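One structure below.
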Amino acid sequence: MPAGSQKLTAARREEIIDACAQLYEIMPFKKITLGTIGQKTSFTRTSIYNYFETKEEIFLALLEREYRAWVADLRELSLCEMPKAQFPAAFSSVLERRNCMLKLMSMNLYDLESGSRIENLVSFKREYNNSMRAVTDCLQMHYPFITDEDAQQFIYAFFPFLFGIYPYTSVSEKQHRAMTIAGVEYRKHTVAQITCSLVEKLIESLKKGKG
């Protein structure tokens, strides 16, 4: 494929992903279609099929892009010098920037993956793997005592947590009213606050494991 064609393909893919991201800020997933995404691009709706076969592929590409941005932030954080006590807060602050990623992760990822072609899924899984490596590098840079096995323990606890944090920190007015009627106590916390508390506890447990 000529270089010009590669650049055009990449630019159009990004335009489609951008349109999806903009709609996802104001519309629920189920109401977003290839048609509504196509209306926000500079080319015809049918042209989208040259780049993505389903809306699930577009959302998966958006999630992949969010992971890529998070990885870049983590790599930058791994190079920052700071007192060890400040790392959990800094790490949590980096995650808080990825609101779209957390929102996407709170959806049914199985549906996104099953509705995507294998090449799209492989590309996403590579970036997912990069994120785990970036978290490991961050931990080991700031806490030299952490081994690969320690980092794996951290990841097994931390990554499942990522899939559930969004609903705890982003409650709609309707959800809040329902909880009030149901007698559910709701305390507002930010992504950074909840994440920092978890990271502090996980790192402390790794320290204790060293005796």
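Which residues, taken from region 90-125, are surrounded by fewer than 16 Cβ atoms within 10 Å (Cβ to Cβ), charged (D, E, K, R) and within 18 Å of residue 168 (Cβ to Cβ)?
97
Residue-by-condition table, conditions (1) in contact with a His (Cβ under 7 Å, 6 or more places away or on another chain); (2) closer than 24 Å to residue 114 by Cβ; (3) surrounded by 17 or more Cβ atoms within 10 Å (Cβ to Cβ); (4) in contact (Cβ under 8 Å) with a residue 40 or more places away in the chain:
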position	(1), (2), (3), (4)
5	no, no, no, no
9	no, no, no, yes
14	no, no, no, no
22	no, no, no, no
28	no, yes, no, no
34	no, yes, yes, no
37	no, yes, yes, no
47	no, no, no, no
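Output the residues belonging to region 141-157 that are of a type in the set (S, T, N, Q) and farther than 12 Å from residue 203 by Cβ.
Taking region 141-157 and keeping what is of a type in the set (S, T, N, Q), we get 147, 152-153.
Matches in region 141-157: 147, 152.
When residues of region 136-146 are filtered for being without any contact (Cβ under 8 Å) to a residue 40 or more places away in the chain and exposed (fewer than 14 other Cβ atoms within 10 Å of the Cβ), how many remain?
1
Just to be sure, is residue 65 more than 19 Å from residue 121 (Cα to Cα), among the basic types (Lys, Arg) and surrounded by 14 or more Cβ atoms within 10 Å (Cβ to Cβ)? Spell out the reasoning first.
Values: more than 19 Å from residue 121 (Cα to Cα): no; among the basic types (Lys, Arg): yes; surrounded by 14 or more Cβ atoms within 10 Å (Cβ to Cβ): yes.
Answer is no for this residue.
Among the residues that make up region 194-208, is at least one of them touching an Asp or Glu at 6+ places or on another chain (Cβ under 9 Å) and at pLDDT 95 or above? Don't jump to the end; show me each part of the working.
As a first pass, look at region 194-208 and keep what is touching an Asp or Glu at 6+ places or on another chain (Cβ under 9 Å): 195, 206.
Now restrict to residues that are at pLDDT 95 or above: 195.
Taking every residue of region 194-208 in turn, at least one turns out to be touching an Asp or Glu at 6+ places or on another chain (Cβ under 9 Å) and at pLDDT 95 or above.
Please work out which residue is nearest to residue 67 (Cα to Cα), limiting yourself to region 153-175 and to residues that are free of Cβ contacts under 8 Å to residues at least 12 places away in the same chain and either among the acidic types (Asp, Glu) or part of a helix (DSSP H, G or I) (or both). I'd like the intermediate steps shown before the answer.
Of region 153-175, the ones free of Cβ contacts under 8 Å to residues at least 12 places away in the same chain are 156, 160, 172-175.
Still in the list and also either among the acidic types (Asp, Glu) or part of a helix (DSSP H, G or I) (or both): 156, 160, 173-175.
Numbers: 156: 17, 160: 15, 173: 29, 174: 30, 175: 28 Å.
Checking each candidate, the answer is 160.
From 21, 10, 61, 85, which residue is among the small types (Gly, Ala, Ser) and closer than 21 Å to residue 190 by Cβ? Give the steps one after another, and end with the answer.
Working: 21 fails: closer than 21 Å to residue 190 by Cβ; 10 fails: closer than 21 Å to residue 190 by Cβ; 61 fails: closer than 21 Å to residue 190 by Cβ.
Result: 85 is the single residue among 21, 10, 61, 85 that is among the small types (Gly, Ala, Ser) and closer than 21 Å to residue 190 by Cβ.
Which residue, of 183, 164, is exposed (fewer than 15 other Cβ atoms within 10 Å of the Cβ) and at positive phi?
Result: 183 is the single residue among 183, 164 that is exposed (fewer than 15 other Cβ atoms within 10 Å of the Cβ) and at positive phi.
Taking residue 158, is it within 16 Å of residue 58 (Cβ to Cβ), at pLDDT 95 or above and of a type in the set (A, V, I, L, M, F, W, C)?
Working: within 16 Å of residue 58 (Cβ to Cβ): no; at pLDDT 95 or above: yes; of a type in the set (A, V, I, L, M, F, W, C): yes.
Here the answer is no, as residue 158 does not meet what is asked.
Could you pull out every one of the helices (runs of 4 or more DSSP H) wholly within region 29-99 that has 2 or more residues that are in the same structural domain as residue 164 (by TED's automatic domain parsing)? So that I can check it myself, show each step before the final result.
Working: elements: 34-39, 55-78, 87-96.
Filter on region 29-99 gives 55-78, 87-96.
For region 46-63, give me each residue that is within 11 Å of the chain's Cα centre (by Cα) and farther than 17 Å from residue 9 by Cα. Full working, then the answer.
Start the filter on region 46-63 by keeping residues that are within 11 Å of the chain's Cα centre (by Cα), which leaves 60, 62-63.
60, 63 - these are the residues of region 46-63 that are within 11 Å of the chain's Cα centre (by Cα) and farther than 17 Å from residue 9 by Cα.
The values are calculated or read from the model by the stated rules, or taken from the named source; none is laboratory data. This is a predicted model, so every value here is computed, not measured. Every residue, glycine among them, receives a Cβ derived from its backbone with ideal geometry; neighbour counts consider all protein chains shown.
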